[in-house]
1. Among the helices (runs of 4 or more DSSP H) lying completely within the chain, list those that include at least 2 residues that are surrounded by 17 or more Cβ atoms within 10 Å (Cβ to Cβ) and of a type outside the set (S, T, N, Q).
2. Return a yes/no flag: does the range 60-73 have any residue that is modelled with pLDDT of 95 or more and aromatic (F, W, Y).
3. Residues to consider are A30, A54, A12, A44; find the one that is modelled with pLDDT of 95 or more, of a type in the set (A, V, I, L, M) and in contact with a Ser or Thr (Cβ under 8 Å, 6 or more places away or on another chain).
4. Considering every residue within the range 29-44, establish whether at least one is over 20 Å from R73 (Cα atoms) and without any contact (Cβ under 8 Å) to a residue 60 or more places away in the chain.
Amino acid sequence: MSARTISRAFNAETGTSFARWVAAVRAQHAVGLLTRGWKVDVVAEEVGYRSASAFGSAFRRTTGLTPGAFRPR
């Protein structure tokens, strides 16, 4: 089975691309950590980003909010 066939099947089953699904899962995990008070740079590393900046951009693209919006005050 080709990668393209798998990609089409994944999209047909989930209604989204694999890359978007992975981004959503990472963001969901990050929200849980942020709401527990974890620092943004630690969360970025935990969910697989090389930098807090890259994490912040991806998180904002996925959720529409900054990581700081989920940190307890």
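The values are calculated or read from the model by the stated rules, or taken from the named source; none is laboratory data. Just so it is clear, the model here is predicted, and its values are computed rather than measured. In this analysis, Cβ positions are derived from the backbone assuming ideal geometry, glycine residues included, and neighbour counts consider all displayed protein chains.
1. Hits in the chain: 18-35, 40-46, 52-63.
2. Scanning the range 60-73 turns up no residue that is modelled with pLDDT of 95 or more and aromatic (F, W, Y).
3. So the residue among A30, A54, A12, A44 that is modelled with pLDDT of 95 or more, of a type in the set (A, V, I, L, M) and in contact with a Ser or Thr (Cβ under 8 Å, 6 or more places away or on another chain) is A44.
4. Checking the range 29-44: not a single residue is over 20 Å from R73 (Cα atoms) and without any contact (Cβ under 8 Å) to a residue 60 or more places away in the chain.
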